[in-house]
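The structure under discussion appears below in the form of structure tokens.
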Amino acid sequence: MSQKYFSTRTSKDHLSFEEAVIEGLAPDGGLYIPSEIAKLPEDFLTKWKDLSFAQLATEILSLYISEEEIPRADLEKLAARSYSTFRSDHVTPTVPLNKDKNLWLLELFHGPTYAFKDVALQFVGNLFEYFLVRRNAGKKENAPDRDIITVVGATSGDTGSAAIYGLRNKKDVSVFILYPTGRVSPIQETQMTTVLDSNVHTISVKGTFDDCQDLVKQTFADKEFNEKYHIGAVNSINWARILAQITYYFYSYFTLLKTTDGKVTPRFVVPTGNFGDILAGFYAKRMGLPIDQLVIATNDNDILHRFFQSGDYSKSVGDAAPVVHATLSPAMDILVSSNFERFLWYVARENLASTNEEAGAILNKWMSELKTKGKFHVPENALAAARKEFSSEHTSDKETVETIRNVYNDPASGKYVLDPHTAVAVHAALARIAANSNTSAQYVALSTAHPAKFSEAVNLALQGTDGYSFEADVLPDEFKEMQTKETKKIFADKPDIELLKSIIVDELAKEKKTA
Ligand SMILES: *Cc1c(COP(=O)(O)O)cnc(C)c1O
């Protein structure tokens, strides 16, 4: 099958995989989706069950990237290289958290930066390099017609380091990550600033996270600058990230199949912010993986939880002004969930439209209402259809802390220390388990970060507990060693676009000299 990609808002232009990945966001503001959701080979349950993570990834990638675009042998190498950087042979192991309750954790934090974003960004970095090497074949070093990508991004924590580790040392790619001075945790800052590769530039901006994001948007909007330096993004709306995440739902399914020795009916519970992680589960299910349920777990930024209750997708509650709540699970602190648009396209297409074009028009209308009025409402039949695919739970900060403490103190869980994002999902899973006691279903909570990255919440929960020590029980040696390593960063003393542009130009010139 030859896959093409089109925007959720127009469905006019059909792009190749490479174009969709390099462009990221469609010019009409929409997100790229595949022209068809791939179907699995009939014998996938027997044929795929013993594959390694990288082999399984190759099988899934090949259903969305045609052979003419990336030959299979190249895909195999890309997948093998991308997952060789993980500390676990299983890449994303599924481990029991509480056997009596049939509760499992899908650990997604064994990559270089100890957070789930590595699973996608290790692959995306190699993919960018692959495309550029191909485009630049036969061109001289530093030739003016060489294709380059200058990735510019803002981070309040996890995305920045995962992007840096995905792109470090990649040929013809430079990466600039902006973060607000003093507002990311010391560990997260050190993870970024100890990367010394010449193509990596970490910029501490005196300002807020919103200032940083505004600067990134202005850089993209500056047409002349953008055309000259080929500004690129690796944010969570990029299709390649969703695609790479589909693999771990399959891998987890096969792990359960082997360890539980019986009927597997997994209910995946996913700590959700921008809806990228759980959307990959939706694609896995639509492809034919027998997933029983997908449960969205939100923190106080609960736009999705409110949507599934009322059908209103609304930035704020009632007449209050829209506000992002600062919670103990900061990687999920969002106002709207950008990837939800992809799911809404399927809802519109299957329930309200008879062509792709009509579905695009509906999405266009909803998204412009969101922009102008701060909300939109979906019809009753569309909401009913959406509820067949997902359900939702909300977890407060207080419940997050209690969950970390209760799990640690529960003898069935062997002193397991949850990170606060994972705790949001575990709390949701435990609520479901309590509500339906006679089920043989497996609950799999997705574990999105190592607890050492979020010491505030973990220590709030566990400080003073008999025998507990953050240094000894939670902090990996790698993090301890990092504190003494050489660092580099650039300081921008005001959030100013001209200042940022001059930093980018200077740094790129320095890179060329050392190349
Ligand atoms: C990004 C992130 C999430 C949220 O994932 P989405 O794909 O945005 O829903 C949850 N937990 C951690 C630790 C993250 O870094």
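The values are calculated or read from the model by the stated rules, or taken from the named source; none is laboratory data. These figures come from a predicted structure and were not determined experimentally. So basically every Cβ, Gly included, is an ideal-geometry build from the backbone, and we count neighbours across all protein chains shown. For accessibility, only protein heavy atoms count, side chains too; no ligands or nucleic acids. Shrake-Rupley method; radii C 1.70, N 1.55, O 1.52, S 1.80 Å.
With each label modelled as a point 7 angstrom along the Cα→C-beta vector, the Ala326-Arg135 pair spans 3.9 nm. Only lysines eight or more places from Lys49 in sequence, or on another chain, were considered; those with a Cα closer than 22 Å are Lys39, Lys77, Lys258, Lys263, Lys285. Cross-link partners for Lys117 among the lysines, with Cα-Cα distance under 17 Å and sequence neighbours closer than 8 places in the same chain left out: Lys453. Given their separation in residues at 0.36 nm each and the Cα-Cα distance between them, Ser16 and Asp292 gain 96.1 nm when the chain is fully extended. Computed over protein heavy atoms with a 1.4 Å probe, the accessible surface of segment 90-515 works out to 40 Å² per residue. With K and R counted +1 and D and E -1, the other residues having a Cβ less than 13 Å from that of Val205 yield a net charge of -2. Charge tally around Thr272: other residues with Cβ under 12 Å, Lys/Arg +1 each, Asp/Glu -1 each, net -4.
About the centre of its Cα atoms, the chain shows a dipole size close to 400 debye [charges on the beta carbon of Lys, Arg (+1) and Asp, Glu (-1) only; nearest 20 debye].
Computed over the alpha-carbon atoms, segment 165-306 gives an Rg to Rh ratio of 1.06, Rh here being the Kirkwood radius from the mean inverse distance.
For Lys488, the aspartates and glutamates whose Cα falls under 12 Å of its own Cα, not counting residues fewer than eight places away in the same chain, are Glu189, Asp197. Only Cα pairs under 8 Å and 6+ residues apart enter the sum, and on that basis the relative contact order of the chain stands at 18 percent. Overall shape of segment 310-378 was characterised from the C-alpha gyration tensor. The equivalent ellipsoid obtained from it has semi-axes of 26, 14, 9 Å, in decreasing order.
Across the cross-link table entries Lys315/Lys489; Lys485/Lys510; Lys171/Lys501, which are compared at the Cα atoms, the separations over 25 Å belong to Lys315/Lys489. With R₀ fixed at 30 Å, the C-beta to C-beta distance from Arg146 to Asp214 puts the FRET efficiency at about 0.50.
For the pair Lys371 and Asp100 in one chain, pulling the backbone fully straight at 0.36 nm per residue adds 92.9 nm over the alpha carbon distance. Extents of segment 90-515, largest first, come to 66, 60, 47 Å (Cα atoms, principal axes, whole angstrom). At what distance in angstrom do the alpha carbon centres of segment 307-328 and segment 93-118 lie from each other? So the separation of the two Cα centres works out to 29 Å. Across segment 1-91, the relative contact order, built from alpha-carbon pairs under 8 Å that are at least six residues apart, equals 27 percent. Between beta-carbons, use under 11 Å as the cut-off and find the net charge around Leu78, counting Lys and Arg +1, Asp and Glu -1. That works out to 0. Taking the 1.4 Å solvent-accessible surface of the chain as the whole, the part contributed by carbon and sulfur is 50%. Here the 3J(HN,Hα) profile of segment 26-38, calculated from phi with Karplus coefficients 6.51, -1.76 and 1.60 at θ = phi - 60°, is 6, x, 7, x, x, 10, 6, 10, x, 5, 9, 7, 5 Hz, Gly and Pro shown as x. Taking every C-alpha pair closer than 8 Å and separated by at least 6 residues, the mean separation divided by the residue count of segment 253-371 gives a relative contact order of 22 percent.
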